[in-house]
Amino acid sequence: MRYTNKKILKITFPVLVCLLMEQLIGLTDTAYLGRVGEAELGASALAGIFYLMIFMLGFGFSIGAQILIARRNGAKEYSQIGPLFMQSTAFLLLMALVTGMDFGLGKATLWVFG
């Protein structure tokens, strides 16, 4: 199969848009909160770093799962793709639950880091 730039862009474009949207969130936060005050802008910057850390953790594990699935596909080990997909999905959902619970326990997080 011949891979063209158009085919590669078709696959990578959604990932690119996702990463650009994450940066756009920080930009709009800065634009709006910069007019409110310094403390609010500083709080937004700290929250943005925390958000980026959680986002990159999930993004890194999902990219790792994609690489493992692609390796199984390239080796024509199709029967191993399903269990690998289910394991990675379960792990990412568990990680999302844990980080979601952390956001729900805001006072505990502030006590630990603040």
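A few points about this structure:
- Within region 88-99, restricting attention to residues that are at pLDDT below 85 and surrounded by 12 or more Cβ atoms within 10 Å (Cβ to Cβ), the residue that is farthest from MET1 (Cα to Cα) is THR99.
- Meets criteria (assigned to a loop (DSSP other than H, G, I, E, B) and surrounded by 10 or more Cβ atoms within 10 Å (Cβ to Cβ)) for VAL36: yes
- The residues listed here are PHE91, PHE85; of these, the one that is aromatic (Phe, Trp, Tyr) and touching a residue at least 24 places away in the same chain (Cβ under 8 Å) is PHE91.
- Qualifying residue in region 76-87 (condition: in contact with a Lys or Arg (Cβ under 7 Å, 6 or more places away or on another chain), of a type in the set (Val, Ile, Thr), in a helix (DSSP H, G or I) and at pLDDT 85 or above): yes
- Residues located in region 51-87, provided they are exposed (fewer than 11 other Cβ atoms within 10 Å of the Cβ) and among the aromatic types (Phe, Trp, Tyr): TYR78
- Count of region 1-30 residues which are within 28 Å of MET53 (Cα to Cα) and of a type in the set (Ser, Thr, Tyr): 3
- Meets criteria (within 23 Å of LEU93 (Cα to Cα) and either loosely packed, with under 14 Cβ neighbours inside 10 Å or over 12 Å from the mean Cα position of the chain (by Cα) (or both)) for GLY48: yes
- Residue match in region 46-58 (condition: farther than 20 Å from GLY100 by Cβ and not basic (Lys, Arg)): no
The values are calculated or read from the model by the stated rules, or taken from the named source; none is laboratory data. Small disclaimer: the values here were computed from a predicted structure and weren't measured. FYI the Cβ positions are ideal-geometry reconstructions off the backbone, even for glycines, and counts take in every protein chain you see.
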